[in-house]
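Peer 1: Pasting in a structure now, in structure tokens, and then I'll have a few things to ask.
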Amino acid sequence: MTAKISFQGVGKTFSSRGRQLSALEDITFEVRRGEFLALVGPSGCGKSTLLDLLAGLSAPTTGEILVDGAPVTGPGLDRGVVFQQYALLPWRTAQANVEFGLEAKGVARRERADRARHFLDLVGLSGFGDRYPHELSGGMKQRVAIARSLAFDPDVLLMDEPFAALDAQTRDSLQDELLRIWERTNKTILFITHGIDEAVYLGQRVAVMTSRPGRIKKIIDIPLGSRTETEDLRSDPTFARYRHEIWTLLRDEVVKAQAQEHAADHWGTAGERRPRWHGLARSRPPRRGRRPGPAPTSDHQEAGVD
Ligand SMILES: Nc1ncnc2c1ncn2[C@@H]1O[C@H](COP(=O)(O)OP(=O)(O)OP(=O)(O)O)[C@@H](O)[C@H]1O
């Protein structure tokens, strides 16, 4: 497989409250054409920043990002983004939400409708096209958001914790759905997650980031074969071995991220945003699907990451 995406010495520095904050440093790695790459790292290490740069929503301070050998200079239809929050238009039905981007692209009405139906079908929502967002569950809304991104037919799908707000069962079924879509469409997918289990289950490779400034610590091959054809893969000892390897790589980084948080607390430099659940835990519960807990047990899929 050849490189679809190439990060070459990418760095990003923010100015915040008169201080310079280095969010990413010397990010150099490739995503292969048609690959599903999962990216994990401690909270605040720059995962979303990296995805924003690739989406063309902001520009790197140093280095460059290439897609198909051409530098990214802004957003493009070749890259579809799915965020944790579905961002559907509440006054439009599911079908009209999927059609929305196609309208802007100038696709004729009939083709728009056909394409929207096709992609709603692909994400398991046939028959729900006339529902408004408030009539849909969280999982269904996220399916609509995925259908909307797919309808553009981007080569690359960038996903920033798209299932983090969903309950465990819905998340599992959407993971399988996404894998089936990926197998069928051969898109290149970069998937950010806090869940080690999710990363191992979805990724052909898993990239592990360091604490801030984020760098790529290691990229691990996960040669587990087709997930959708293997029953109960998560119980497989090989699966557990990869999960443990990643957890071990992350453990030190999470400790460093916590130390950064405490330093920020102590010196009052909270302008550097805090690691999420640690910071929020004091004022409100962590977001659903995230929980602390560093023990490497069978249900520690989110341990060590955020
Ligand atoms: N626009 C901005 N201005 C200043 N600092 C920023 C900005 N965006 C991000 N940062 C800082 O850059 C660092 C990386 O943030 P980013 O959101 O990319 O991390 P993350 O790994 O995605 O975090 P999380 O896992 O909590 O979502 C953080 O310290 C954050 O506070």
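Peer 1: Over the Cα atoms of the stretch 204-263, compute the convex hull volume and normalise it per residue, giving Å³.
Peer 2: Dividing the Cα hull volume of the stretch 204-263 by its residues yields 87 Å³.
Peer 1: Say R0 is 35 Å: what FRET efficiency, to the nearest 0.05, do residue 172 and residue 132 get from their beta-carbon distance?
Peer 2: That gives a FRET efficiency of 0.85.
Peer 1: Using a 10 Å cut-off on Cβ atoms, rank the peptides 222-232, 3-13 from the highest mean neighbour count down.
Peer 2: With the highest mean Cβ count within 10 Å placed first, the list reads 3-13, 222-232.
Peer 1: Restricting to DSSP H runs of at least four residues, report the calculated mean residue ellipticity at 222 nm for the chain, -39500 (n - 2.57) per run over all residues, nearest 500 deg cm²/dmol.
Peer 2: -11500 deg cm²/dmol
Peer 1: Taking N as the number of residues in the stretch 67-119, what is its Cα Rg relative to 2.2 N^0.38 Å?
Peer 2: 1.35
Peer 1: Next up: Quick one: if you stick a label point 7 Å off each Cα along the C-beta vector at residue 2 and residue 258, how many nm between them?
Peer 2: So the two model labels end up 4.6 nm from each other.
Peer 1: How large is the Kirkwood hydrodynamic radius of the chain, counting all unique pairs of alpha carbons, in Å? List each step's numbers first, then the result.
Peer 2: Details: mean 1/r = 0.0499 Å⁻¹.
One over the average 1/r among Cα pairs gives 20.0 Å for the chain.
Peer 1: To continue, here is another question. Would you mind checking the pairs 187/218; 187/256; 217/256 and listing those with alpha carbons more than 25 angstrom apart?
Peer 2: 187/256
Peer 1: By DSSP, what percent of the beta bridges with both residues in the chain are antiparallel, rounded to the nearest 5?
Peer 2: That works out to approximately 55 percent antiparallel.
Peer 1: Quick one: angle between helix 138-151 and the longest Cα principal axis of the chain, in degrees between 0 and 90, rounded to 10, please.
Peer 2: 70 degrees
Peer 1: Please report the orientation-averaged projected area of the stretch 1-156, defined via the convex hull of its C-alpha atoms, in nm².
Peer 2: Convex hull of Cα atoms, orientation-averaged projection: 11.1 nm².
Peer 1: Give, rounded to the nearest 20 debye, the magnitude of the charge dipole that the chain has about its Cα centre when Lys and Arg contribute +1 at Cβ and Asp and Glu contribute -1 at Cβ.
Peer 2: Roughly 780 debye for the chain.
Peer 1: Order 64-70, 75-81 from most to least packed using the mean count of other Cβ atoms within 10 Å.
Peer 2: The densest-packed peptide leads the list: 75-81, 64-70.
Peer 1: If I take R0 = 41 Å and measure r between the Cβ atoms of residue 14 and residue 221 in this structure, what FRET efficiency does the formula 1/(1 + (r/R0)^6) give, to the nearest 0.05?
Peer 2: Working: r = 33 Å, r/R0 = 0.80.
Result of the calculation: an efficiency of 0.80.
Every read-out reported here was derived from the displayed coordinates using simple, explicitly stated rules and does not represent laboratory data. Not measured: the values here are computed from a predicted model. We place every Cβ from the backbone using ideal geometry, glycine too, and count neighbours over all the protein chains shown.
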